[in-house]
1. Under a cut-off of 15 Å between alpha-carbon atoms, report the aspartates and glutamates in cross-link reach of Lys203, not counting same-chain residues fewer than 8 places apart.
2. Which trypsin sites (Lys or Arg not before Pro) from region 1-53 combine a DSSP loop assignment with at most 10 other Cβ atoms within 10 Å?
3. Strictly over 27 Å apart at the Cα level, which of Lys162/Lys227; Lys41/Lys149; Lys61/Lys162 would you flag in this model?
4. How many nm separate the modelled label positions at Glu173 and Gln6, each set 7 Å beyond the Cα in the direction of the Cβ?
5. Could you give me the ³J(HN,Hα) list for region 123-137, computed from phi with Karplus coefficients 6.51, -1.76, 1.60 and θ = phi - 60°, whole Hz, x at Gly and Pro?
6. In Å and from the alpha-carbon atoms only, list the Rg and Dmax of the chain.
7. Ordered by packing density, taken as the mean number of other Cβ atoms within 10 Å over each peptide's residues, highest first, how do 59-65, 185-191 rank?
8. List the lysines whose Cα sits under 24 Å from the Cα of Lys9, skipping any in the same chain fewer than 8 residues away.
Amino acid sequence: MLDRIQITKEVEEMCCVKRGVKGEPAPIPQEGEWTKAKEIKDISGLTHGCGCCAPQQGTCKLTLNVKDGIIQEALVETLGCSGMTHSAAMAAEILPGKTLLEALNTDLVCDAINVAMRELFLQIVYGRTQTAFSEGGLPVGAGLEDLGKGLRSQVGTIFSTKQKGPRYLEVAEGYVLELGLDKNNEIIGYKFVHLGKFMEAVKKGMDPKEALEKFTGTYGRFAEAVKKIDPRVE
């Protein structure tokens, strides 16, 4: 490599002046240690990054667990664009096993995922990971803890108009079945079904009606509601 470096005539004719100071990289916090990172293999950590595509019609939350510069685990969550779900599937096959630098320079199919990868890369190489002060970091598989029971992304989908007001469609607890309104027609609670748990139960053989009843719950002062509406119809 050094043999191929070209030097201009002006520099070649200069005399040599010794550099007295040699700067060292500042130590960054990584998995309970302070590391002077000089190569990709010096980088470890688990963290998250978000990105959106150029037309901003979809977004991606990307979680990576990196050990010694190699991506061991990837969680790809997308929202807003139907094509992104298939892009996420491809990205999940591409990412594990690559170095952090390889992943940064690999087409992850969807622009939003690529942007998330860029933002996440910056966090990791500057020591801004979720595991910066966690001794030994987190084991492979820790990314699934973001999803909780039922292994579904925590999604908030709320539609609202000036003329008719807000409609809660899906929240962290689950798919909203009914909204509870007080005497002023203000939302005071809702009924929901936890889709992840519901589907797991049906898959294991439970009757769908029984599963729906078992995994349906309420939030807020739903029981005190004067009026209850279906947010998708009424």
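Every number here is computed from the coordinates shown, using simple stated rules; none is lab data. Since this is a predicted model, take the numbers as computed values, not measurements. Counting neighbours? That spans all protein chains shown, and the Cβs are built from the backbone with ideal geometry, glycine included.
1. Answer for Lys203, where 15 Å is the Cα cut-off: none of the aspartates and glutamates qualify.
2. Of the trypsin sites (Lys or Arg not before Pro), the ones in loops of region 1-53 whose Cβ has at most 10 other Cβ atoms within 10 Å are Lys18, Arg19, Lys22, Lys36, Lys38.
3. Violating the 27 Å Cα-Cα cut-off are Lys41/Lys149; Lys61/Lys162.
4. 6.8
5. After applying 6.51 cos²θ - 1.76 cosθ + 1.60, I find 4, 5, 6, 9, x, 9, 8, 5, 10, 4, 10, 9, 4, x, x Hz.
6. 25.2, 89
7. Per-residue Cβ counts within 10 Å, averaged per peptide and sorted highest first, yield 59-65, 185-191.
8. Lys18
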